[in-house]
Amino acid sequence: MSTSTGNQDNFHNHRFVHDFRQASPYIHHLNGKTVVLAISSHVLVSNKLPALAADILLLTSLGMRLVIIHGCSQFIQAIAGQNTANSIDENPITDERALELVKQASGIARFNLEAALSMIPTQVMEHSAPNVRLAGGNFLRAKPLGVINGVDMSYSGCVRKVDAAAIEERLAHNQLVLISPIGHSLSGQCYRLQVNEVAQAVAEAIHAEKLIFLGTQPGLLDEHQQTISELNCIEISQLLAKSVMNKRQTELLQTAAHVLEHGVQRVHVVSGLQDGSLLQELFTREGSGTAMAKAPFMRVRPAENKDIGDILQLIAPLEASGILLPRDSEYMENHIQEFFVLEQDCYVYGCVALHVYPEAQAGELACLIVSPSARARGYGELLLAHVIKQARQLQLQTLFALSTHTGDWFVERGFTSATLTQLPLERQQQYTSNKRQSKIFSRQL
Ligand code: 1C4
């Protein structure tokens, strides 16, 4: 007889195993990838910094190459008071005093971050603590903004060049690179830079896989203050055109749109104040904040042998309930070239097969499934469209599908009922022998 503690232990073990397995494709994918973290000074002054620093160290131990860019406005507030901090924040002109404050605040921000990243996380034994070296330096060449509309911007600058080779060298030596929002000109003058702009310039220059903004919000928020979980570039430009976001969110969207067009694969906006948000965003399907990509997140690609396990897992319950035909791993190995998978990041959310009957110039759309968690978002239709495209490329004349439960779905998408004699001979024989009495649907291509 199991006790309630035993049941709870089992539940937690199950949960752990499930979560760990779910995280493994992401861990594998991010190993060796370069990620830029832009951390707001609100996070750096909070008591959540040690937990975030421990998670950052965990990322480095999983093989991620990290560059951190930090903000400093909250430290200006600590040095010179709220009013001065606000006026420096809002004023695009940086005078001599403001520049001095930015330098001081950046120094403090940097030391705090270095201290947090030097702590041994409580769950780690001292002798096995990650030994992460931090690297700073003159990675940013700046130039003055100059005179804009007759107003001299003084020490406000913009990024002229990022020394990508120097950053790359530090990363290659397993160092974590720290960059402050200050750049130097060729004449040796310091200029104040915007964190967003620095993050954008660095992420593009070093061809980062991801740019992650860690701030106070859980992500980008819609008009109901709900976190938007995913956006692609088309949706980003639609949001920018509507001008519904506040200034900060608009800046983040603009930066995201730019870097995604210039080679960065993903931009994330995540809370730096919510314990574990960064890990959740990177290692779970659901994420925690907003993830942005250039193309729609789901894509259809040809299946490979490595997908067989995922496909078998996906179709097993539908085979059991008689919706799909039984297919085992041997069958899959022999027919993998007929299959396509629906994939997001490293996860398979659906599949479909196209069996070709060359003599009949016909194809069968088979083994169609979208994972229950991703249904009713048009992905079934995406798989159908992909199969139609493939069939047309092969110059087939007819596409048919056999179904016990999903007839209406095909009829609503241009298929009509067909008879057994309209199937290729080989398929007629299978139909008769498996006794499923499936309904037959076909459409001209
Ligand atoms: N009937 C009618 N409409 C349906 C439906 C159904 N069974 N299931 C979902 N829909 C509707 C939804 O209500 C929604 O309608 P709405 O709200 O937009 O009005 C719409 O479809 C959603 O469309 P979507 O494009 O977003 O589609 P997804 O949800 O992404 O995916 C699937 C649609 C049918 C793929 C999905 O629901 C699913 O995976 N279902 C379980 C598996 C399934 O039924 N697959 C169809 C198999 S037919 C077999 C084989 O093994 O080869 C058997 C062969 C034989 O000999 O019998 C096939 C082809 O695989 N054949």
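The table that follows gives values for the structure above.
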quantity: Residue match in region 145-153 (condition: touching a Leu at 6+ places or on another chain (Cβ under 8 Å) and modelled with pLDDT of 90 or more); calculated: no
quantity: Unique match (being within 15 Å of the chain's Cα centre (by Cα) and either surrounded by 21 or more Cβ atoms within 10 Å (Cβ to Cβ) or farther than 21 Å from Val159 by Cα (or both)) among Val244, Val195, Val269; calculated: Val269
quantity: Ala418 vs. criteria at pLDDT 95 or above, small (Gly, Ala, Ser), out of contact with any Lys or Arg (no Cβ under 7 Å at 6 or more places or on another chain) and closer than 19 Å to Leu318 by Cα; calculated: no
quantity: Where a residue in region 135-153 is in the same structural domain as Leu178 (by TED's automatic domain parsing) and its partner, wherever it lies, is of a type in the set (Asp, Glu), with Cβ under 6 Å and at least six apart; calculated: Phe139/Asp163
quantity: Meets criteria (β-branched (Val, Ile, Thr), within 26 Å of the chain's Cα centre (by Cα), away from the ligand (no atom under 11 Å from the Cβ) and modelled with pLDDT of 95 or more) for Val370; calculated: no
quantity: Number of positions in region 147-187 that are hydroxyl-bearing (Ser, Thr, Tyr) and outside any loop (DSSP other than H, G, I, E, B); calculated: 2
quantity: The lone exception for Phe340 - which of (1) under 14 Å from Val300 (Cβ atoms); (2) of a type in the set (A, V, I, L, M, F, W, C); (3) buried (at least 16 other Cβ atoms within 10 Å of the Cβ); (4) within 12 Å of the ligand (Cβ to nearest atom) it fails; calculated: (4)
quantity: Residues that are away from the ligand (no atom under 15 Å from the Cβ) and not in a strand (DSSP E or B), drawn from region 294-335; calculated: Lys294, Ala295, Glu304, Asn305, Lys306, Asp307, Ile308, Gly309, Ser329, Glu330, Glu333, Asn334
quantity: So Gly363, is it crowded, with 16+ Cβ neighbours inside 10 Å and either at pLDDT 95 or above or not assigned by TED's automatic domain parsing to the domain that holds Lys439 (or both); calculated: yes
quantity: Residue, farthest from Gln397 (Cα to Cα), within region 419-445, restricted to residues that are away from the ligand (no atom under 12 Å from the Cβ) and among the charged types (D, E, K, R); calculated: Glu426
quantity: Meets criteria (on the phi > 0 side of the Ramachandran plot, within 8 Å of the ligand (Cβ to nearest atom) and either assigned to a loop (DSSP other than H, G, I, E, B) or surrounded by 20 or more Cβ atoms within 10 Å (Cβ to Cβ) (or both)) for Ala353; calculated: no
quantity: Qualifying positions in region 18-47 - in contact with a strand residue (DSSP E or B) (Cβ under 9 Å, 6 or more places away or on another chain), in a loop (DSSP other than H, G, I, E, B) and at negative phi; calculated: Lys33, Ser40
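The values are calculated or read from the model by the stated rules, or taken from the named source; none is laboratory data. Because the structure is predicted, anything quoted here is derived from the model rather than measured. Backbone-built Cβ (ideal geometry, glycine too); neighbour counts: all protein chains shown.
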